[in-house]
Amino acid sequence: MTRRFWLQSQPIVKPATSADLPRTLDLERFLPYRLSVLANTMSTAIAGAYAERFQLSIPEWRVLAVLARNPDLSAAQVAQRTAMDKVAVSRAVASLSRTQRIERSVEESDRRRSRLRLTAGGHAVYDEVVPWALAYEEAVLRGIPPQVHAALHDLLNDLTLRALALANTLPVTDQNVVAADVVPPASLDHNALRTSRG
């Protein structure tokens, strides 16, 4: 069965007159565009700490960061937590396996499923990149009052849950946004990089 997303389920209503036509999309105020530009800008800047030195791509770093905080995830679970395409995660996992930065273990109860965790080499890369990433975050947030910083994280978490609820074709209400059985991307947790090895 083909899954219908929330946007696809909404009726298309043709405007009665030219006056009812939607206004031109203002990209500079369009939230998805703004968030995408910000995320790409910050990811590219942080990549400067690892891209050349460790021959590590942005998807590979995201996989490392998630597995450092949550070892023994499957590739599908990594894709869920990073909100990355499964193909991109698969390629990142394959590359990290070749460079011996992650290792796989097969579940005894289901030989078709494998779990991923960092090797000593993967932890070494992670430990070198984290201080730089945290320093960059601190520089970006410098001068922003702590209460505004906290409110930003609350807002990002709320927006993530609402977007995931819509992606899962759920009606968005204050009640089911809180109760939605979804996992926000680990990148939204500002304590994620500070977590010690599990």
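Whole-Hz Karplus values for the stretch 24-34 come out as 4, 5, 8, 4, 5, 10, 7, 3, x, 5, 4 Hz, taken residue by residue from phi with 6.51 cos²θ - 1.76 cosθ + 1.60 and θ = phi - 60°; glycine and proline positions read x. P(r) tail for the stretch 19-100: Cα pairs beyond 18 Å make up 53% of the total. With a simple spin-label model that places each label point 7 Å from the Cα along the Cα-to-Cβ direction, the separation between ALA47 and ASN157 comes to 2.9 nm. The label-point distance for THR99 and ASP72, in a model that sets each label 7 Å from Cα toward Cβ, rounds to 2.7 nm. May I ask for log10 I(q)/I(0) of the stretch 57-157 at q = 0.18, 0.22 Å⁻¹, from a Debye sum over the Cα atoms as equal point scatterers with solvent left out? The Debye formula, applied to the Cα set alone, gives -0.89, -1.12.
Across the stretch 88-93, coupling constants 3J(HN,Hα) worked out from phi with the 6.51/-1.76/1.60 Karplus curve, θ = phi - 60°, read 5, 5, 4, 5, 5, 4 Hz, and Gly and Pro carry x.
The stretch between TYR136 and SER90 holds 13.8 nm of extra length on full extension. This uses 0.36 nm per residue minus the Cα-Cα distance.
Taking amide H as placed 1.01 Å from N in the peptide plane, LEU73 has its amide H under 5 Å from the amide H of LEU116, each at least 5 places away in sequence or on another chain.
Every number here is computed from the coordinates shown, using simple stated rules; none is lab data. Quick caveat, the model's predicted, so the values are computed rather than measured. Neighbour counts are summed over all protein chains in view; Cβ atoms, including those assigned to glycine, are modelled from backbone coordinates with ideal geometry.
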